[in-house]
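Engineer: Once you've had a glance at the structure underneath, I'll fire off some questions.
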Amino acid sequence: MINADANPQPLCLTATGPLTGDVTVPGDKSISHRALMLGALAVGETRVTGLLEGEDVLATAAAMRAMGADITRVGGGLDGGEWRIHGVGVGGLLQPATALDMGNSGTSTRLLMGLVASHPITATFTGDASLSGRPMGRVITPLQMMGAAITATPGPGNRQTLPLTLAGACPAIALRYTLPVASAQVKSAILLAGLNTPGETVVIEPIPTRDHSERMLAGFGAQLSVSESPAGRIITIRGEAELTPQTIVVPGDPSSAAFPMVAALIVPGSDVIIRNVGINPTRAGLITVLQAMGGDIALLNERIVGGEPVADLHVKHCALTGIEVPPDGAPSMIDEYPVLFVAAAFASGRTVMRGLEELRVKESDRIAVMAEGLKACGVTCEELEDGLIVEGRGGDAVPGGATINARLDHRIAMSFAVLGLNARQPVTIDDARPIATSFPTFVPMMEQLGATAHR
Ligand code: S3P
């Protein structure tokens, strides 16, 4: 777990010329978590390649091992390994001997809470300073309705936070639940609880969110159906399910690809290819928005890999124009807003981004932290309760010259590292260690494109 004060590792990226080359980004974080969890619930051997070996996903692997799954990495190489998972079967999770350390990972926490909620075991969840401030009430409420007994730590503003202890119900009670927030984590927690709940558990989502859980649950053989209605998407899962082991190829993470994509757009002369990027429509909002701003992004070699659409992205530096970003697309690019704010700083005119309340409860308050850092780097912006308005500089370099407090937030750190690539004075990130939660190869990949890292 990263301690905010001990041995911070500052980072500054600069570019003296165009970024060029052909790179890949690590596996999709959301898909990687789900592959480990479902593999751990299938009887037999699941094999996974392309798994993101970042700290968040490794926290999920450790937790699934602590609850009885056998998980090993076979083969060498930085990204050449295969993961083999021998699961315990739905209903077979064991009582963990010690607290489950979730590190920085909200996805691990909320999805695993769902799994534990319908097993006859008790688990305590702990996390780092960032995760311990994040709201868990959104998952606690539906899981209590399914019968789980949960004791959480009171946080600021009536928030229910970690550490928390959850005693599962067995049998759990099937639930029909309309999501009050557009959250794939809440949806997934309920569906995962539904796996070991007799009868049909139903989640209604008025606004669509990423659908990796639905795709992968169906792939593992769960009885899951999705229908559209005036109230939104209705997802029904039938418990008690039996899952069949799978061979999974995890595509590159579009949320990680966002950083080299924006870097190539803002550094003059750049011409970059990013291979094997997931373009699931519930995740690909940033590409559409950057293209609407004039971004030169071509999708090459579109294909389906492991049930998910994938493409190679060809991105070239070009002039961007500020737009009003449609708020209804926010869930399809929720993790990409910090780096979109950076792209907006290089557009001509203003970019208005609203409907982003959820950004305030991510690894940091991403609206406030980005606004503060952009202003410190000489970018004019206005913080709104639910978004940000950025006054673009028409492609001019930003003044820069600031040190950014990234608040243990990997995406804040990477966003400002990218901003620094076209700044007159260096932009320094106070502590780059959180980048390892989602993108351990970020710095070497940027160096491969021609950037220089100053540590
Ligand atoms: C995720 C869902 C999103 C996203 C997070 C990963 C997932 O969170 O921000 O990084 O894997 O389900 P919410 O569901 O809370 O919006």
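Engineer: Restricting attention to the stretch 173-200, report how many residues are in contact with a strand residue (DSSP E or B) (Cβ under 8 Å, 6 or more places away or on another chain) and in a loop (DSSP other than H, G, I, E, B).
Structural biologist: Of the residues in the stretch 173-200, the ones in contact with a strand residue (DSSP E or B) (Cβ under 8 Å, 6 or more places away or on another chain) are 174-179, 182, 187, 190-191, 193-200.
Subsequent filtering for residues that are in a loop (DSSP other than H, G, I, E, B) retains 174-175, 179, 182, 196-198.
Here the count works out to 7.
Engineer: Still on this structure: Given the options L313, L384, name the one that is more than 16 Å from the ligand (Cβ to nearest atom), surrounded by fewer than 17 Cβ atoms within 10 Å (Cβ to Cβ), of a type in the set (A, V, I, L, M, F, W, C) and not assigned by TED's automatic domain parsing to the domain that holds N104. Lay out the reasoning, then the answer.
Structural biologist: On the way: L313 fails: surrounded by fewer than 17 Cβ atoms within 10 Å (Cβ to Cβ).
Result of the check over L313, L384: L384.
Engineer: Looking at the stretch 333-343, is at least one residue in contact with a strand residue (DSSP E or B) (Cβ under 9 Å, 6 or more places away or on another chain), aromatic (F, W, Y) and assigned by TED's automatic domain parsing to the domain that holds R393?
Structural biologist: Yes, the stretch 333-343 contains at least one residue that is in contact with a strand residue (DSSP E or B) (Cβ under 9 Å, 6 or more places away or on another chain), aromatic (F, W, Y) and assigned by TED's automatic domain parsing to the domain that holds R393.
To keep it simple, each residue is scored yes or no on (1) modelled with pLDDT under 95; (2) within 28 Å of R275 (Cβ to Cβ); (3) outside any helix (DSSP H, G or I); (4) open to solvent by less than 10 Å² (accessible area, probe 1.4 Å).
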| site | (1), (2), (3), (4) |
| --- | --- |
| A61 | no, yes, no, yes |
| G103 | no, no, yes, no |
| S132 | no, no, no, no |
| R138 | no, no, no, no |
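Engineer: Same structure, new question: Could you grab the pairs with beta carbons closer than 6 Å, sequence gap of 6+ or different chains, first residue in the stretch 261-287 and within 11 Å of P309 (Cα to Cα), second one modelled with pLDDT of 95 or more and aliphatic (A, V, I, L, M)?
Structural biologist: Close Cβ pairs satisfying both conditions: N276/V310; V277/A257; V277/L313; G278/V310; I279/A311.
Engineer: Something else about it: Take the stretch 269-310 and flag every residue that is in a helix (DSSP H, G or I), surrounded by fewer than 17 Cβ atoms within 10 Å (Cβ to Cβ) and in contact with a strand residue (DSSP E or B) (Cβ under 7 Å, 6 or more places away or on another chain).
Structural biologist: Listed by number, the list holds a single entry, Q291.
Engineer: Oh, and also: What pairs come up if the first residue lies in the stretch 30-44 and is closer than 11 Å to M64 by Cβ and touching a residue at least 60 places away in the same chain (Cβ under 8 Å), the second is within 11 Å of the ligand (Cβ to nearest atom) and polar (S, T, N, Q), and their beta carbons are under 7 Å apart, counting only those six or more places apart or on different chains?
Structural biologist: Within 7 Å, the pairs are H33/T60; H33/T107; H33/S108; M37/T60.
Engineer: Would you mind finding the one in A345, A330 that is away from the ligand (no atom under 16 Å from the Cβ) and among the aliphatic types (A, V, I, L, M)?
Structural biologist: Working: A330 fails: away from the ligand (no atom under 16 Å from the Cβ).
Among A345, A330, only A345 is away from the ligand (no atom under 16 Å from the Cβ) and among the aliphatic types (A, V, I, L, M).
Engineer: While we're here: Looking only at the stretch 16-51, filter to residues that are more than 26 Å from I273 (Cα to Cα) and within 14 Å of the ligand (Cβ to nearest atom); which one of those is farthest from the chain's Cα centre (by Cα)? Full working, then the answer.
Structural biologist: At the first step, the residues of the stretch 16-51 found to be more than 26 Å from I273 (Cα to Cα) are 33-47.
Imposing the further condition that a residue be within 14 Å of the ligand (Cβ to nearest atom) reduces the set to 33-38.
Working: H33: 10, R34: 12, A35: 14, L36: 15, M37: 16, L38: 18 Å.
Only one residue fits best here, namely L38.
Engineer: Being in contact with a helix residue (DSSP H, G or I) (Cβ under 7 Å, 6 or more places away or on another chain) and among the acidic types (D, E) is the filter; apply it to the stretch 46-59 and report the residue that is surrounded by the fewest Cβ atoms within 10 Å (Cβ to Cβ).
Structural biologist: Taking the stretch 46-59 and keeping what is in contact with a helix residue (DSSP H, G or I) (Cβ under 7 Å, 6 or more places away or on another chain), we get 46, 48, 51-52, 54-57, 59.
Right, trim to among the acidic types (D, E) and you get 55-56.
Working: E55: 22, D56: 24.
Here the residue is E55.
Engineer: Here's another thing I want to ask about it. Residue by residue through the stretch 193-244, note down the ones that are over 24 Å from A284 (Cβ atoms) and of a type in the set (D, E, K, R).
Structural biologist: E200, R238, E240, E242
Engineer: Moving on to the next point. Which of the numbered conditions does I266 fail, given that it passes all the others? Conditions: (1) buried (at least 24 other Cβ atoms within 10 Å of the Cβ); (2) under 27 Å from H33 (Cα atoms).
Structural biologist: It fails just one condition, (2).
Engineer: It is to be established whether one or more residues within the stretch 182-191 are over 24 Å from the mean Cα position of the chain (by Cα) and more than 30 Å from R433 (Cα to Cα).
Structural biologist: Step one: filter the stretch 182-191 for residues over 24 Å from the mean Cα position of the chain (by Cα), giving none.
No, the conditions are met nowhere in the stretch 182-191.
Engineer: Go through (1) surrounded by fewer than 20 Cβ atoms within 10 Å (Cβ to Cβ); (2) hydroxyl-bearing (S, T, Y); (3) within 16 Å of the ligand (Cβ to nearest atom); (4) touching a residue at least 40 places away in the same chain (Cβ under 8 Å) one by one and return the number of the condition T161 breaks.
Structural biologist: Against the list (1) surrounded by fewer than 20 Cβ atoms within 10 Å (Cβ to Cβ); (2) hydroxyl-bearing (S, T, Y); (3) within 16 Å of the ligand (Cβ to nearest atom); (4) touching a residue at least 40 places away in the same chain (Cβ under 8 Å), T161 comes up short only on (4).
Engineer: Okay, moving on. Taking the stretch 177-210 only, how many residues are more than 10 Å from the ligand (Cβ to nearest atom) and open to solvent by 20 Å² or more (accessible area, probe 1.4 Å)? Even if it seems obvious, please write down each step before you answer.
Structural biologist: Quick first cut of the stretch 177-210, residues more than 10 Å from the ligand (Cβ to nearest atom) only: 177-178, 180, 190-208.
Those still in the list that are open to solvent by 20 Å² or more (accessible area, probe 1.4 Å) too: 177-178, 180, 198-200, 206-208.
Looking only at that region, the number is 9.
Engineer: Is it the case that V352 is in contact with a Leu (Cβ under 7 Å, 6 or more places away or on another chain), open to solvent by less than 40 Å² (accessible area, probe 1.4 Å) and either part of a strand (DSSP E or B) or not basic (K, R) (or both)?
Structural biologist: Details: in contact with a Leu (Cβ under 7 Å, 6 or more places away or on another chain): no; open to solvent by less than 40 Å² (accessible area, probe 1.4 Å): yes; either part of a strand (DSSP E or B) or not basic (K, R) (or both): yes.
So V352 does not fit the description; no.
Engineer: Could you check how many residues of the stretch 235-260 are over 21 Å from S225 (Cα atoms) and over 21 Å from the mean Cα position of the chain (by Cα)?
Structural biologist: The total comes to 1.
Engineer: Let me ask something else. So, in the stretch 211-230, of the ones that are closer than 20 Å to G87 by Cα and polar (S, T, N, Q), which residue ends up nearest to the ligand (Cβ to nearest atom)?
Structural biologist: Ranking the qualifying residues of the stretch 211-230, first place goes to S213.
Engineer: A further question follows. Can E358 be described as within 15 Å of the ligand (Cβ to nearest atom) and buried (at least 24 other Cβ atoms within 10 Å of the Cβ)? Talk me through it step by step, then tell me what you get.
Structural biologist: Details: within 15 Å of the ligand (Cβ to nearest atom): yes; buried (at least 24 other Cβ atoms within 10 Å of the Cβ): no.
No; evaluated as a whole, the condition is false for this residue.
Engineer: Does the stretch 81-101 contain any residue that is over 18 Å from H212 (Cβ atoms), open to solvent by 10 Å² or more (accessible area, probe 1.4 Å), modelled with pLDDT under 95 and part of a loop (DSSP other than H, G, I, E, B)?
Structural biologist: The answer is no, given that none of the residues of the stretch 81-101 is over 18 Å from H212 (Cβ atoms), open to solvent by 10 Å² or more (accessible area, probe 1.4 Å), modelled with pLDDT under 95 and part of a loop (DSSP other than H, G, I, E, B).
Engineer: While we're looking at this one, here's another question. Cβ-Cβ under 7 Å, sequence separation 6+ or interchain: first residue in the stretch 123-135 and in the same structural domain as A99 (by TED's automatic domain parsing), partner β-branched (V, I, T) and crowded, with 22+ Cβ neighbours inside 10 Å. Which pairs?
Structural biologist: Going by the 7 Å Cβ cut-off, the qualifying pairs are A123/V116; F125/T109; G127/T109; L131/T109.
The values are calculated or read from the model by the stated rules, or taken from the named source; none is laboratory data. As the structure is a prediction and not an experimental result, all values here were calculated from the model. Heads up, the Cβs are rebuilt from the backbone with ideal geometry, glycines too, and the neighbour counts pull from every protein chain shown. Quick note on the areas: whole protein, heavy atoms, side chains included, nothing else; ligands and nucleic acids left out. Shrake-Rupley method; radii C 1.70, N 1.55, O 1.52, S 1.80 Å.
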